[in-house]
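Enquirer: Before we start, here is the structure in question, set down as structure tokens.
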Amino acid sequence: MEILRQNTGRLSDTVSLPNTSLLTVARHMFSLHRQMKLQEKKCKEEIPALIAAIVPPDQFSFSSKDILRITKYYQLALNLVCENIYLIPEKKLNASEHRNILQLSIFMPLFDDLFDDRLLDYPQIEALITEPEKYTPSNKIDSIVHALYVQLLREIPARDRFIQYLKEGAYWELQSLKQFNSEISEEELTQITYNKSYYSILLFCSVLESWPGAAMEALLYPVSGLMQLTNDVFDVWKDLQKGVHTIPNLYWNYEKLEAVFLNEVRSINTQTARLPYPVNNRKNFLIRTHALNAMGWMSLQQLREVAILKPFSEASRKELVCDMDSLRQQLRWVGYVRQLCNTGKK
């Protein structure tokens, strides 16, 4: 599988950070877990209040399932992207940035629904993005998306950048509809997998008051690719039910996929090691980044074992879904995070 990427430097030029200990990983992940529990409670209060200030409650309100969906989106964007990027140079998100991240986390799932539920055609979505002040919504969800979008454009620091990345994201979201076609090539599927995730991440970066810079932009490409691959390996069962084709459920070469996965981990580690910031900050960035990647790696191992025995169409949900709830799995998870943080060391 050829990964189409920006030029991020040769892996032969590998530099590395000192090894990260298991204790350091465990402490950071425990702290992050506590933080996320507090975020869940906060989101239950803030999401309804925020949407009510933009859209009258008698016109629209979120169900508890909707709020959970938004919360997960918010936690991913906050903890693994925005706050993680700021963690390296020891910056703190301010109240305005937090609000923008939450507003965008409400906006994006609804914006995705415009594609997924065929609520608008692409020219209408393009018109919404490029000329929101002139745009006239055509349905209820469209109206709410429009109201959220206009509000975001009033508050974010770089309107033109935000619009550009939303246009890029919309393009790749449109391309992702090709994933319902089993004839999609591996190369095209890889491009879609990486780019739709990459421009979503850049969109969240564009609500920050400090742009991450060229080195971080390059680093975020393999980060975004593994983020989407992890999502795809976890969702193999769900995607099969929906008829959505992804790299792990359409192209079964798991030895090749594992090699790609580890190559991206090495690229992330090497690029992080080159950043001119304190060692501990860069280590903590990798711990958060690989916390998600380790879950993807564990799921890959499980899918590889199933693929040896039977087609996925004959496998049960239990066989295809990586269960992370048991203590044994969580301990393995911490161990894999450490391994990924130290992958590629000289």
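Enquirer: Would you work out which of Thr24, Leu262, Tyr122 lies farthest towards the positive end of the dipole of the chain, given +1 charges on the beta-carbon of Lys and Arg and -1 on that of Asp and Glu, about the Cα centre?
Expert: Thr24
Enquirer: Which lysines have a Cα lying under 30 Å from the Cα of Lys310, excluding residues fewer than 8 positions away in the same chain?
Expert: Lys310 reaches Lys178, Lys238, Lys242, Lys256, Lys318.
Enquirer: If you put +1 on each Lys and Arg Cβ and -1 on each Asp and Glu Cβ, how big is the dipole of the range 210-337 around its Cα centre, in Debye rounded to 20?
Expert: 340 debye
Enquirer: Moving on. Give me the one-decimal nm value for the distance between modelled label points at Arg118 and Glu40, 7 Å along each residue's Cα-to-Cβ direction.
Expert: For the pair Arg118/Glu40, the computed spacing is 3.6 nm.
Enquirer: Could you work out the equivalent-ellipsoid semi-axes for the range 19-87, taking the square root of 5 times each eigenvalue of the Cα gyration tensor, largest first, in whole Å?
Expert: With the √(5λ) rule applied to the range 19-87, the semi-axes are 32, 12, 8 Å.
Enquirer: I would also like to ask the following. Which whole-number percent gives the relative contact order of the chain, counting Cα pairs below 8 Å spaced six or more residues apart?
Expert: In percent, rounded to a whole number, it is 27.
Enquirer: Ok, one more. If the range 131-192 were replaced by its equivalent ellipsoid, with semi-axes equal to the square roots of 5 times the Cα gyration tensor eigenvalues, what would those be, largest first, whole Å?
Expert: The answer is 29, 16, 8 Å, longest axis first.
Enquirer: Next up: Based on Cβ point charges of +1 for Lys and Arg and -1 for Asp and Glu, what charge dipole magnitude is obtained for the chain about its Cα centre, in debye rounded to the nearest 20?
Expert: 1560 debye
Enquirer: Using only helices, what value at 222 nm comes out for the chain when you add -39,500 (n - 2.57) per DSSP H run of length 4 or more and divide by the total residues, to the nearest 500 deg cm²/dmol?
Expert: -22500 deg cm²/dmol
Enquirer: Give me the 1.4 Å probe accessible area per residue for the chain, excluding ligands and nucleic acids, in Å².
Expert: So the chain comes to 47 Å² accessible per residue, rounded to a whole number.
Enquirer: Right, here's the next one. With only alpha-carbon pairs counted, each pair once and no self-pairs, how large is the Kirkwood hydrodynamic radius of the chain in angstroms?
Expert: Mean inverse Cα-Cα distance, inverted, gives 21.1 Å.
Enquirer: Sticking with this one: How many angstrom lie between the Cα centre of the range 122-144 and the Cα centre of the range 14-57?
Expert: With the range 122-144 and the range 14-57 each reduced to a Cα centre, they are spaced 32 Å.
Enquirer: Can you give the Kirkwood hydrodynamic radius for the range 238-346, in Å, rounded to one decimal and based on Cα pairs?
Expert: Result for the range 238-346 stands at 15.4 Å.
Enquirer: Considering only Leu166, Tyr135, Phe180, whose Cα is most displaced toward the positive end of the charge dipole of the range 110-213, charges sitting on Cβ of Lys, Arg (+1) and Asp, Glu (-1)?
Expert: Of Leu166, Tyr135, Phe180, it is Tyr135.
Enquirer: Check which residues have an amide H placed less than 5 Å from Leu119's amide H, if you skip close sequence neighbours.
Expert: Excluding prolines and chain starts, which carry no amide H, there are no hits.
Enquirer: Right, something else. Give me D for the range 1-156 in µm² s⁻¹, whole number, from Stokes-Einstein with Rh from the Kirkwood sum over alpha-carbon pairs, 4 °C and 1.567 mPa s.
Expert: It diffuses with D of about 71 µm²/s by this estimate.
Enquirer: Ranked highest first by average number of other Cβ atoms within 10 Å, how do 71-81, 198-208 line up?
Expert: Packing order, densest peptide first, comes out as 198-208, 71-81.
Enquirer: Put a dot 7 Å past each Cα toward the Cβ at Asn253 and Arg159; how far apart are the dots in nm?
Expert: Each label point lies 7 Å from its Cα, and together they span 4.8 nm.
Enquirer: Also, I was wondering about something else. Using a probe of 1.4 angstrom, how much of the accessible area of the chain is carbon and sulfur, in percent?
Expert: Carbon and sulfur atoms account for 51 percent of the accessible area of the chain.
Enquirer: Now for a separate question. So which GluC sites (Glu not before Pro) in the range 179-236 end up in coil per DSSP with only 11 or fewer other C-beta atoms within 10 Å?
Expert: Glu183
Enquirer: Return the sequence-ordered ³J(HN,Hα) values of the range 87-100 in whole Hz as given by the Karplus equation 6.51 cos²θ - 1.76 cosθ + 1.60 applied to θ = phi - 60°, using x for Gly and Pro.
Expert: 4, 5, x, 6, 9, 10, 5, 8, 4, 5, 5, 4, 4, 5
The values are calculated or read from the model by the stated rules, or taken from the named source; none is laboratory data. If you're wondering where the values come from, they're calculated on a predicted model, not measured in any experiment. Because the Cβ atoms are built from the backbone with ideal geometry, glycine has one as well, and the counts that use them run over all protein chains shown. We work out accessible area using only protein heavy atoms, side chains counted, and drop any ligands, DNA or RNA first. Shrake-Rupley method; radii C 1.70, N 1.55, O 1.52, S 1.80 Å.
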